[in-house]
Structure formats: C-alpha cells, structure tokens
1. What number, in percent, do you get for the relative contact order of the chain if the mean sequence gap of Cα pairs under 8 Å and at least 6 apart is divided by its residue count?
2. Quote to one decimal, in nm, the extra length available between ARG210 and GLN309 on full extension: 0.36 nm per residue of separation minus the C-alpha distance between them.
3. For GLN137, what is the net charge nearby, where nearby means another residue's Cβ is under 15 Å from its Cβ and Lys, Arg count +1, Asp, Glu -1?
4. At a 10 Å Cβ-Cβ cut-off, how would you order MET273, MET129, fewest neighbours first?
5. Over region 164-275, what relative contact order in percent results from Cα pairs under 8 Å that are six or more residues apart?
6. How big is region 1-150 along each principal axis, measuring the range of its Cα positions in Å and listing the largest first?
7. Could you work out the equivalent-ellipsoid semi-axes for the chain, taking the square root of 5 times each eigenvalue of the Cα gyration tensor, largest first, in whole Å?
8. Roughly how many debye, to the nearest 20, is the charge dipole of the chain about its Cα centre, given +1 on each Lys and Arg Cβ, -1 on each Asp and Glu Cβ, and no other charges?
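No value in this document is a laboratory result; all are computed from the given coordinates. No experiment lies behind these values; they were computed from the predicted model shown. Cβ: placed from backbone, ideal geometry, glycine included. Neighbour counts: every protein chain shown.
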Amino acid sequence: MRLDLRALRSFVTVASAGSISSAAQSLHIAQPALSVQIKQLEEQLGAALFDRHPRGVALTAVGERLLGHAVEILRRVDVAYDDVRQAVDQPGGQVAIALPQSVAKFVTVPLVQAVVRQWPRIHLQMVEMSSGYIPQQLLHGLVDIGMTFGTEDDARMRFMHVLQEELAFVTTAQQLARYRGGPDGDATHMALHDAARFPMVLPTTTQSLRRVLDAYMAKAGVAPRIVVEVNTIHEILALVAAGIGSTILSFAAVHDMLAARQLLALPVGRPAMSRSIYACRSATLPMSIAATKVHEQLLATIVSLSSSQRWPRSTVIAALPQGDGRVVPSG
C-alpha cells in the first residue's frame, strides 16, 4: 500500500483547521476535491479519520494515530527536499520557534534582524506560548526550536541549559513600607523568610516558575501568604501595581515596569533565587539546514543579550556550539 503525500498533507491541514472548508481555503483547492481526497484516504486505510459534525470535523482515534505518523513523515520529506535543493550557504524554508512571553520580549527582534540580514530565504515563524506546552509542540513537529524553563525526562527531547535568570521580589513602595518590618528593614534586598509577611500574588501551580518558587520556599521552610494565583505574568504585574499583593518574578519579566518606575524589584537573598532557561528541540526529528542555522543564531543572540545586560540579571551557562563562522552577535 502506498500513501499519497498530497493526501497526507491535506489530512494534516484538515486536522489542524478542524474544518474541511477552512482547510480547502488554506490549501487553495475546491472543498469538494478536498473531501474526495479525505474520503479516498479513509477508504485506503479502511477506517474513518474524522467524525463529521455541523461545525466541522474532529479526529477519530484512528485519525489521531495517523496524525502523529503523518506529521513525522511530512517533516522528513520536507527536510530531504530542503537538503537537496538548498546549498549550505543559502538555506531557505520555514523555521518555527516557540518561546515563552518573557523570553520572546527580549529575543524576537534581535533574532529576526540577524536572520533576515544573513539568510533572507529563511521564513521565520515566531510562536509565543506557555513553556509547558513547548515540548509537545516539538515532539509533534509543529515547531523546530523551543525555549523552556524546565526539562523533561524524555529521550525524544534534547535540552541545553543556556541561561540562569535572577529572581526578584516585586512590590510597590506602599507595600514595602507596610510589611517589611519597620525602618530597620533592608531596602535593597528581601530575605525569603521576610517575604512571608507580605500578601502574595503567585503564578498558578501549573506554571514552571511556581514549581521553582515552591521548591525554594519548601527548602527554606517558608509558607507564603497567597492572596490569588494567576497564570499570566501581565495580570500578576497588574495586581501587584494595584496593591493587591507582591510577587516573585525574574528581573527580565518586570523590566519594563521598573523602567517606568511603576514597581520596585529587590533581589531575593538568604537564599538567592534564580531559574533556569533551556533551548530545546526534538531528538528524533531531523533539523533542516535552515533550522540549524537559526538555532545557532538563537544561542548567539542570547549570549549577546546577556553579556550586554540587555537581558537583565542573567548569566550565560552553555558555551556557544561551533558553527561555520557565519553566526553573528545581535547588534
């Protein structure tokens, strides 16, 4: 039995869109023709791939199983095509990068500038999402490169520890004056046990930063006074600015509001607190030449941002892998 690559691409597009009509528009073909392709593929496999309903389609269990294979097959075909057609010095094609919001705010502009300048035939797709979702996106071949705040014990993934970010106690002047314990309190640092006096606005327990904070607090024997848990950094900062409570975030996450003098950030001491940042990719899916170039440039960009303190209070951990000499610092 031979599966048609065009039919597989159509199947993956329909699965992603959740609608045959939307997929047909994306593929620039007539809806009846796409329906025939899907029907023929189902007949060839002897099983329904989608459940049809008035609002669109949903994958069956068989369809879910085929989707994993189809994405990997199409990725390998695309990589083979790219390797044959593109010279090493002229890489092209799409490269998708998934970044958490607090990383994207520093990396996106200098990385895109460097890639466009060096490799104009590479089409970058910058995807912003929560760190916890990125490994699955990589494993399914939906993105090529990711950055996360943690690792997973999964042989299908490769993680590189690239950066360590210092964490800060973030509050307002009013809250600091009220809760820090009088005029003898240290106004330049915040001991973790002193932070327990403050009402706290913390990330939800599903967030990687919360797991880091919980580990530090458990080791120090500190029980925080949690007022509310929120799963977005933007809303956490808004609540702190409104005087609802204080929080602990990276200096990078609160950088803009510190510059605008809307909040205060004190380094956490006894113990000092930091979190790890990792570059990651699939260990089983091959990387195209273009993705390899972008991965190297991503690491060079991080080194440049950290060493110049444009990524505040960060320390580079990993050495930049040896490339072909064309990776340049971000200006």
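1. RCO, the chain: 21 percent.
2. Working: separation 99, 0.36 × 99 = 35.64 nm, distance 2.49 nm.
Taking ARG210 through GLN309 to full extension adds about 33.1 nm, to one decimal.
3. Details: positive: ARG75, ARG156, ARG158, ARG281; negative: GLU72, GLU128, ASP144, GLU152, ASP154.
The answer is -1.
4. Working: MET273 24, MET129 15.
Ranked by crowding around the Cβ, least crowded first: MET129, MET273.
5. This gives 49 percent for region 164-275.
6. Largest to smallest, the principal-axis extents are 48, 35, 26 Å.
7. Details: eigenvalues 388, 125, 53 Å².
Square roots of five times the eigenvalues give 44, 25, 16 Å.
8. Values: 30 positive and 26 negative charges, 56 e Å.
Computed about the Cα centre, the dipole is about 260 debye.
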